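**Q** Here it is, the structure in full.
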Amino acid sequence: MATTTHPFARLEPARIVAAVESLGLWLPGEPFALNSYENRVFLVHDEERRRWVVKFYRPERWSDAQIQEEHDFLAELEAAGVAVAAPWRNEAGESLHRAEGFRFALYPQLPGQAPELENPAHLFVLGELIGAVHEVGRRSTFAHRLTLDLDAMLVEARERVLGSAWLDRRQRRAYERITDTLYRQLAPHAWAPERAIRVHGDCHIGNILGRDEHFALVDFDDCLTAPAVQDLWMLFTAERDEERQMQLSEVIEGYEQHLDFDRGELALVEPLRTLRLLRHSAWLVARWDDPAFPPAFPWLADAGYWDGHIRMLEQQRQLLEQKPRWLA
């Protein structure tokens, strides 16, 4: 059951305004809540009519060191001319701030819309943007952020779901069987550590904003160490061979304006898609005590959702048995 005792329940407009104004800005209006669940994110504008996005980090999710690595990576990308939104820093050079027990950061708002994945010009530009990110990402390493691990993350997601009360007996048996199979199928896809670099980590179109053929990446909250394809595979959505080849060629051609891309990593597209499906359901289960989740995701309590989830995992099992359809 959701309760009102969650820490985010204390994030009232007055507290948000007070937190931002503690940085030396003055806000003539109230904050506007943006669509975010993992953290709490608000749009504000100051007396100079500058628009800012203020992000309050979910308590106890990331350490200070992990958040600082996110910020420092963004600063490094911005200094290299990559289109990202780096957090504002005060005169002391601090980007992570505190107010009433919350940690928060302030970002310049980047306006725009999501790209069209059917548009070849957009795909080329997205590949070029991600290539620019990875060109910087290869220059150093993360010391505190996570490393993408197929086996460990699958097990963690599986245990989270099975440790909950959402599945009935029939669904539990089916979920145990399919996740056991998927674990065995994903095991051969492990990669050597030297193939992993610093990446955005959650590169779906909701985190890409722009107009025409100018886009920027936002929300590096899930940045981690992973193979390059982790930032590319969510752009590959086509079902027909002709469209699939178009998406692949445009994205990779754009990417290779900065770096060579190892086509062998395309064998990881379906394993990574499978992992995301598993982790998404586990994430919903883990966050159900947050008051924002039950009204936003009411279907989680529906047995039909879990039947559908198990069917999707079965479809992924079948895809993993076939020749990788994205391997060029």
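**Q** Among the residues of the stretch 19-32, is there at least one that is at pLDDT 95 or above, assigned to a strand (DSSP E or B), farther than 16 Å from H97 by Cα and not small (G, A, S)?
**A** Within the stretch 19-32, one or more residues are at pLDDT 95 or above, assigned to a strand (DSSP E or B), farther than 16 Å from H97 by Cα and not small (G, A, S).
**Q** Then there is this: Conditions first: (1) within 22 Å of A296 (Cα to Cα); (2) among the polar types (S, T, N, Q); (3) modelled with pLDDT of 95 or more. T5 passes all but one, so which condition is the exception?
**A** Of (1) within 22 Å of A296 (Cα to Cα); (2) among the polar types (S, T, N, Q); (3) modelled with pLDDT of 95 or more, only one is false for T5: (3).
**Q** Further question on the same structure: Looking at the stretch 301-317, which of its residues are of a type in the set (A, V, I, L, M, F, W, C), surrounded by fewer than 17 Cβ atoms within 10 Å (Cβ to Cβ) and in contact (Cβ under 8 Å) with a residue 60 or more places away in the chain?
**A** The answer is A301, A303.
**Q** Output the residues belonging to the stretch 146-166 that are under 16 Å from D180 (Cα atoms), in contact (Cβ under 8 Å) with a residue 12 or more places away in the chain and not charged (D, E, K, R).
**A** L150, M153, L154, V155, A157, V161, L162
**Q** Of all residues in the stretch 24-50, count the ones that are crowded, with 16+ Cβ neighbours inside 10 Å and closer than 27 Å to E91 by Cβ.
**A** 10
**Q** Right, another one. Kindly check whether there is at least one residue in the stretch 65-75 that is surrounded by 13 or more Cβ atoms within 10 Å (Cβ to Cβ) and assigned to a loop (DSSP other than H, G, I, E, B).
**A** no
**Q** Continuing with the same structure: Looking at the stretch 264-285, I want the residues that are within 18 Å of C203 (Cβ to Cβ) and have a partner that is in a helix (DSSP H, G or I) and among the small types (G, A, S) with Cβ atoms under 6 Å, at least 6 apart or on another chain. Which pairs are those?
**A** Once the first residue is within 18 Å of C203 (Cβ to Cβ) and sits in the stretch 264-285, its partners that are in a helix (DSSP H, G or I) and among the small types (G, A, S) give R279/A157.
**Q** Restricting to the stretch 287-299, name every residue that is surrounded by fewer than 17 Cβ atoms within 10 Å (Cβ to Cβ) and not in a loop (DSSP other than H, G, I, E, B).
**A** Within the stretch 287-299, P294, P295, A296, P298, W299 meet the criteria.
**Q** Please go through the stretch 184-207 and give me each residue that is outside any helix (DSSP H, G or I), under 17 Å from E135 (Cα atoms) and without any contact (Cβ under 8 Å) to a residue 40 or more places away in the chain, ordered by number.
**A** Result: no residue meets the conditions.
**Q** So which of L167, L182, L162 ends up being modelled with pLDDT of 95 or more, under 18 Å from R273 (Cα atoms) and not assigned by TED's automatic domain parsing to the domain that holds E70?
**A** Just a single option satisfies the conditions, and that option is L182.
**Q** Can you find even one residue in the stretch 137-154 that is of a type in the set (V, I, T), under 30 Å from P28 (Cα atoms) and either out of contact with any Asp or Glu (no Cβ under 7 Å at 6 or more places or on another chain) or surrounded by 18 or more Cβ atoms within 10 Å (Cβ to Cβ) (or both)?
**A** no
**Q** Within the stretch 180-234, restricting attention to residues that are among the aromatic types (F, W, Y) and touching a strand residue (DSSP E or B) at 6+ places or on another chain (Cβ under 6 Å), which residue is surrounded by the fewest Cβ atoms within 10 Å (Cβ to Cβ)?
**A** Out of the qualifying residues, it is W191.
Condition check ((1) at pLDDT 95 or above; (2) more than 20 Å from T141 (Cβ to Cβ); (3) out of contact with any Leu (no Cβ under 9 Å at 6 or more places or on another chain); (4) assigned to a helix (DSSP H, G or I)) across all residues:
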{"position": "D221", "(1), (2), (3), (4)": "yes, no, yes, no"}
{"position": "A226", "(1), (2), (3), (4)": "yes, no, no, no"}
{"position": "Q230", "(1), (2), (3), (4)": "yes, no, no, yes"}
{"position": "E239", "(1), (2), (3), (4)": "no, yes, yes, no"}
{"position": "Q245", "(1), (2), (3), (4)": "no, yes, yes, yes"}
{"position": "E250", "(1), (2), (3), (4)": "yes, yes, no, yes"}
{"position": "G254", "(1), (2), (3), (4)": "yes, yes, no, yes"}
{"position": "Q257", "(1), (2), (3), (4)": "yes, yes, yes, no"}
{"position": "D260", "(1), (2), (3), (4)": "yes, no, yes, no"}
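The values are calculated or read from the model by the stated rules, or taken from the named source; none is laboratory data. Bear in mind that the values here come from a model prediction, so they are computed numbers and not experimental data. Note: ideal-geometry Cβ built from the backbone for every residue, glycine included; neighbour counts use all protein chains shown.
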